Structure formats: C-alpha cells, structure tokens
Amino acid sequence: MEEILERLPGFVESIKSIKDTILTNVVLLGEIPSPTFKEKKRAALLMERMADFQVDECTTDGYRNPIGIIRGTGKNKPPIFIVAHLDTFFDKDIDYNYIIKKKVITGPGILDNSLSVGVLATLPEIFRTLDLRFESDIVLAGVIQSIGHGNLRGTRHLVENWATPIRGAVCIEGGELGRLNYFSDSMIRAEIHCKTTDTHGDHYPSMSNAILILNKVINKILNLRLPQTPQTKIVLGKIAGGVNYGHIAHIGTLGFEIRSDSDDMVKNVYSDIQDIIDGISHEYEIKLSMIPISNLNATRLEFNHPLVKSSAAVIRKLGITPISKPSESELSIFISHNIPAVTLGLTHGENYYLENAKMEIEPIFKGIAQLIGVIMAIDKGLCDV
Amino acid sequence: MFNWIESNTFHYSAFRDLKKLVAIKKKKNLTISLCLPTLNEEKTIAKEIMIMKSELMMRYPLLDEIIVVDSGSVDNTLDIASTYGADVYESDNILPHLGQQKGKGENLWKALYITKGDILVYIDADIKNIHHRFVYALLAPLLLYDHIKYAKAFYDRPIAIGKNKSRPTGGGRVTELVIRPLFSLFAPELSQIIQPLSGEYAGYREIFEKIPFPIGYGIETSMILDICEKWSIDVIAQVDLERRIHRNQDTKALGRMAFAILKTFLNRVEKIGQIELKKKLFDDMIQYNLVRNKYQPNITNMEGFERPPMIEIPEYREKFNIT
C-alpha cells in the first residue's frame, strides 16, 4: 500500500496536465439533458466518448447501461467496476448551459452527476497519462435510472446480470471530496396521494380539502414513537397540492422517506403509516393512498474491511479527512451482492440541486488521484478478503 | 436552377474522422489558426477555448494556435481567456498607428496580422452549446477539396429566452427579412447560402488578405460578395453544424444590424455597376423610444468604415515576406 500512497501526490499534477480534456468531457456530457428514464442521448454520447478514448470494448448491457471495458493484463482476475449514474434531477427543457470561470463551473447537475460522468469518460486517457495498466479488467459503467423513481434499476440490472464475479466497485459522485461511503441505511421512499370532491365536506366541511387531510396525516406521523435504537427517522421531504389561492384543494401529495439501520424497523414504520392512511381514509370516506417510490435494504462493509481501510489511507495521504455517512446510492446494490464497494466524492461545491449548482475546479485533481489510488489498491489485491 | 447548393453543402457528420483531417493537414504542410473576436464574453469564452484546445490541439492537432482579439471588454474576458491558454490581444494595440476602430470586423482584420496560420477559422465567442465540430467541420472542406477556399456554417438556431428556457426557432430574422431579399434581387445565386450572416467561417489566408473588412456588422455580407466577385461561388462551401444556441438580440439591435448590412450591400452593388446611387447614403440609423409620453430619437452613427485588404498594409507584407 505504501508504494501506491507514495505515488499519489505526483498523480495530482499529472492529472492536472489534462485538465482541458477532463473538463471538456464534463461539459459535453453534462450539457445533454438526462432526466431519469430519459438518459438515452447522454448514454449515446458517453459511448461515443469512451470509444473515442479507445477503451478496448464499448457496449451496452441488456438494460442499456453504457459500458466501456479496459482489458487487464491478468487472465483470471475479476473486473473492477467504476460507476457513475447518468440521470439528473432536472427536466429536459431547462437550459443545460455550463458557465466556466477561472475557478468554478456553474450549471444544473454539474455536481450530481456530470462531473463524475465526465471523469468516467476520461479515465482511459487518465490511465495513459499516468502510464497505468491493471491486472483486472476495468469496467466503466454509466448507469441509468438511478435516482428517484429510477430506484437504482440500472445498477440492479448491471450487477444481477454480470456473468462473472466482480472484484470490487467504486461509485463516484461530484461531491463532496472526502466522502467515504461504505454503508447504506435501510430506506423506503413513498408518496401519499389524497383526492377529494366537494361532497366529502357534507359531514366534516374541512374534509373536502386535500391539504387539510394531509395535515392530519402529518400530525399522526409526527405522533409515532420512533426508537433511538435501531436509529430511525422519518423525513417529510415534499408536499404539493391545490390549483390556486382561491379554491379548496382537491388533490394533494406528500412525499416522505423512512430511514433506519434496521430493515425490520423501516417495514414496521411503513406499516404504521399505512394504518394511519387506512384509518383516515375509512373514517372520512376519502381517497387516500400510499405508493412506494423506492426502497433499499441496509447494507454495509465494516470499518476494518480492507477496501475501507485502503480508501481511507488514500484519502488521508492527499491531505483530506475522510467523512463517512450512510449513502443511498449504487453502493448498496454492490454490497448487497457481497461485492465490496465504496462511494467517493470528487470535489467541493454548493447548491447541488439548484440550476446554479457550482463546483470548484482545483480540488478535482485530488479527487481523481484518490479514485486512481483506490482502483490501484483493489487491483493489487489489497482489498481482497 | 442552381446546383451549387447540391455540390458544396455538407453536414458536419461527414467529417468526424479527425485523424484523417490531421493527416491531410500534415501532408499539405499547413498551419491553422483559430481566432475568437470578443467583447464582454466572460460567460462563454472559457468553454470555447477549453474544448478547442482539448479536442483540436491536444488530442487531434488540427489547430496550431488559438487567439482572442478583444474590442475593450470591461468584464473578465481577457483574464479568463488567458487562464485557459489562449493568446490574448487587445485590438487597439495591434497596428496602433492605423487608428482604433470598434467592431467585430476590425478584430477579424487585425487577427490576420497577428496569426500565423495558412488557414484561419473565425468563430463567435458567444456560443453556449459550443462543440469542436464548429471548427473541424469548417476546416474539413478546405482540407479535403482543393477548389474550396472558404467554408461557412449554417444551423438550426434555438434562441435562449427568459432565464433558463429555450425554444426552437428558425432564427436568422435579419437573414430572412433583409439579406435573402437582397440576394434574390441582385445576386440570386447567393440565395443558396443558407445563413450568410453566421459568424463562423474558415478560409485560406490568401483569400482573407485580399478582401476589405468592414469593421462592423457588414463584415459577413461583404466577405461573401467580395469572394464571389473575385473567385466565384464555387470556392465557397457551407456546412450544416445542426444547432447553435446564442444570446437573443432585441428588434432594435437587429435594426441597427440591418442598417449596416444594407449600407454595405448597396455600396458593393453600386461598385460593380448594378445600381447607381444619385446621392451618398446617410450614416445615421434613427430609432425612436417613447420616454415619458414623448417620442425621442435614438441616433446611432454607423459610417461603415472599411479596412483595406490586409495585403496592402506594409507591415503585413513585411511580416509575411510578400514582395
């Protein structure tokens, strides 16, 4: 491991020498609209760029995840996966224009996840610049349908249908540099939909108002007793309803997330909320339904897993303090299939989910050096159990 | 009726083989310069330089230099352009004894003196969806076909509107309302040029150095007219670059553009004897604004100053050893 760590500071400067190429890929790929379920154009360009950067094989899997493979020198070493999700939180009709200044790039989705996709496309060139060859095949995967309703479908398909064992995976995200995710909480995201008509107010006038009904649901959710162990929480994240100021709202939607380090606890709380929904729906004779959007089981590597320890050492060597929190991302799919995986961030930034998201350019080179260090550690067998 | 549009119109996708273009450039022993004329373009300039440098200098060495010629930006255009590796020049400091004019045409003309390439590519610095096809696709006809000396872009041009929305449009209002009627009336053959006002074109130095450059909006129109008159439309190619997103201009700004173009055009057709102007054209574009219930004129003086062919400038002849 020491040998790898010693090379890292030198990598930073070498990677910086192809800054224009890295940022060009970030911009060209990131300026293509790519809402979840509509990633086709970005996926096509990623394939084109990977082919242009001379990966040994460029293809899509059965789910249309674009994949580039750099063949390794070892004959029997399982592949290492580098994964970046292609979808963004933004609709396709906003202006996907990135503004580049001396130190920052601003634009929708730049941190989540254009930077990672651009780096993924440039990795073959980065490996050549650093004169690196690997024993394992390196599989570069831009996965589709990850966020929101996508519910990590692209990653699930990729992992479940890959024909050979997988040695390890590194998932990359735009920010924040220093993140070292190696576990995910159990989680369910769901939406509660309420629909009323004027007749619902015959006995209880307020019950024709969908917003007031959702208010009742919220109050009951807030009354639920949640344990401190296993750690459990409910996040009320989105609410919408009504048409205009002067009319009673007949439709309303509440989006929420239940999260815990216990799968059973998430199921129990979900069941409690279902009871609340059923009760209100029954008592007031209104249409109230709950629809699950996405779910994950709790998965984790232990802190003393060699992949986690190696990754932490790489991050520290670059003068960054590793920070570990649960991550509901591609990572959990790999770990749930007993494939060691971590998620790394590449730079610093702000306004992640706004159209004026901003990322810093200079830290990217350390972020990429960190990624290279972790790939090298996996390839050298330092992360095998 | 005309067959130029069939033989000399290309689509950028035909020129994706950049290795082949680099090999031809090398075989023909050519050098190529990219020039970006700027005035307050801090939001777009870095992206243009970065993509061209990465794709057409580092990865596929088609370009030998990227220069920015600036008309006096007051934002950070020059600082950013320099940071991203362009050679940056202030127009006023190039051949200063010949006076200082403001306008895109002035920057393009002075770029002829500063650059060293056998071929020059000019692209506007305000393109939001910049891609290296904007350059390589213009160079390709020049490299691949010996009779082509000048290549011009055309697009489907969505205009950015509002804060962040964009909508598809034909764009090119001045083209359709001013240029195309003029071409149809005086030089129908030129109506085959789909976007004569596009700001992206490439050509051999031997062409650019022999034609005059109006300093303002008339530059694109005069360039086409002069090239066709001296060499014929057959030396021109046009390339479909598909999509260009740029800043929208208000109707009054387009009116001033139309004024400059009309003036340039009429002077050109008079020069070749197609019309006779009994009186010199006026220099002021007069537009009206309603201010506190009173109509007030807004007068813009546009003399239509033109720089002579660069080959007539002694310093240029000396620099390029022209006897």
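The values are calculated or read from the model by the stated rules, or taken from the named source; none is laboratory data. Here the structure is a predicted model, which is why all the values come from computation and not from measurement. Methodologically, a virtual Cβ is constructed for each residue, glycine included, from the backbone with ideal geometry; neighbour enumeration extends over all protein chains shown. Protein only, heavy atoms only, side chains kept; ligands, DNA and RNA dropped before computing areas. Shrake-Rupley method; radii C 1.70, N 1.55, O 1.52, S 1.80 Å.
Scan the helices (runs of 4 or more DSSP H) fully inside the range B:32-151 and keep the ones with 1 or more residues being more than 23 Å from A:L28 (Cα to Cα) and within 14 Å of another protein chain (Cβ to nearest Cβ). Break it down stepwise before answering.
Working: elements: B:45-53, B:77-83, B:104-114, B:133-144.
It comes to B:77-83.
All of (1) part of a helix (DSSP H, G or I); (2) more than 30 Å from B:A46 (Cβ to Cβ); (3) among the charged types (D, E, K, R) hold for A:E302 with one exception: (1).
Residues checked against (1) closer than 30 Å to B:A125 by Cβ; (2) free of Cβ contacts under 8 Å to residues at least 40 places away in the same chain:
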residue	(1), (2)
B:Q249	yes, yes
B:I261	yes, no
B:V269	no, no
B:K279	no, yes
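The condition (being within 25 Å of A:E360 (Cα to Cα), touching a helix residue (DSSP H, G or I) at 6+ places or on another chain (Cβ under 7 Å) and of a type in the set (S, T, N, Q)) is satisfied by just one residue among A:T24, A:T36, A:T106: A:T24.
Of the set (1) over 22 Å from A:E330 (Cα atoms); (2) charged (D, E, K, R); (3) touching a Ser or Thr at 6+ places or on another chain (Cβ under 7 Å); (4) crowded, with 20+ Cβ neighbours inside 10 Å, all apply to A:E360 but (4).
Within the group A:L158, A:L254, A:L222, A:L180, which residue is within 30 Å of the chain's Cα centre (by Cα), surrounded by fewer than 20 Cβ atoms within 10 Å (Cβ to Cβ) and not basic (K, R)?
A:L222
For A:L46, the requirement of being open to solvent by less than 10 Å² (accessible area, probe 1.4 Å), closer than 25 Å to A:S136 by Cα and out of contact with any Lys or Arg (no Cβ under 8 Å at 6 or more places or on another chain) is met.
Scanning the range B:264-303 for residues that are under 16 Å from B:L254 (Cα atoms) and assigned to a loop (DSSP other than H, G, I, E, B) yields a total of 1.
With respect to A:N295, is the statement that it is of a type outside the set (K, R) and either within 14 Å of chain B (Cβ to nearest Cβ) or crowded, with 17+ Cβ neighbours inside 10 Å (or both) true? For A:N295, the condition - of a type outside the set (K, R) and either within 14 Å of chain B (Cβ to nearest Cβ) or crowded, with 17+ Cβ neighbours inside 10 Å (or both) - is met.
Annotation: B:H147 fulfils all but one of (1) modelled with pLDDT under 95; (2) surrounded by fewer than 20 Cβ atoms within 10 Å (Cβ to Cβ); the unmet one is (1). Which residue is nearest to the chain's Cα centre (by Cα), if the candidates are limited to the range B:195-247 and must be free of Cβ contacts under 8 Å to residues at least 60 places away in the same chain and in a loop (DSSP other than H, G, I, E, B)? Ranking the candidates gives B:S198 first.
Annotation note: of B:E209, B:E315, B:E242, B:E220, the sole residue that is among the acidic types (D, E), modelled with pLDDT of 90 or more and surrounded by fewer than 19 Cβ atoms within 10 Å (Cβ to Cβ) is B:E315. Considering (1) open to solvent by less than 10 Å² (accessible area, probe 1.4 Å); (2) more than 14 Å from chain B (Cβ to nearest Cβ); (3) at pLDDT 95 or above, the lone condition that A:I110 does not fulfil carries the number (2).
Pairing residues of the range A:75-104 that are more than 14 Å from chain B (Cβ to nearest Cβ) with residues that are surrounded by fewer than 17 Cβ atoms within 10 Å (Cβ to Cβ) and not basic (K, R), at Cβ distances under 8 Å and at least 6 apart in sequence or on separate chains, gives A:K77/A:E135; A:P78/A:T164; A:P78/A:P165; A:P79/A:T164; A:D87/A:F37; A:F89/A:G148; A:F89/A:Y353. The combined condition, being without any contact (Cβ under 8 Å) to a residue 12 or more places away in the chain and either within 14 Å of another protein chain (Cβ to nearest Cβ) or surrounded by 15 or more Cβ atoms within 10 Å (Cβ to Cβ) (or both), is not fulfilled by A:D61.
Say we look at the range A:182-235 and pick out the residues that are small (G, A, S) and within 20 Å of A:G252 (Cα to Cα); which of these is modelled with the lowest pLDDT? Per the criteria, the residue is A:G201. Could you tell me whether A:I248 is modelled with pLDDT of 90 or more and among the β-branched types (V, I, T)? Judged against the criteria, A:I248 is not a match.
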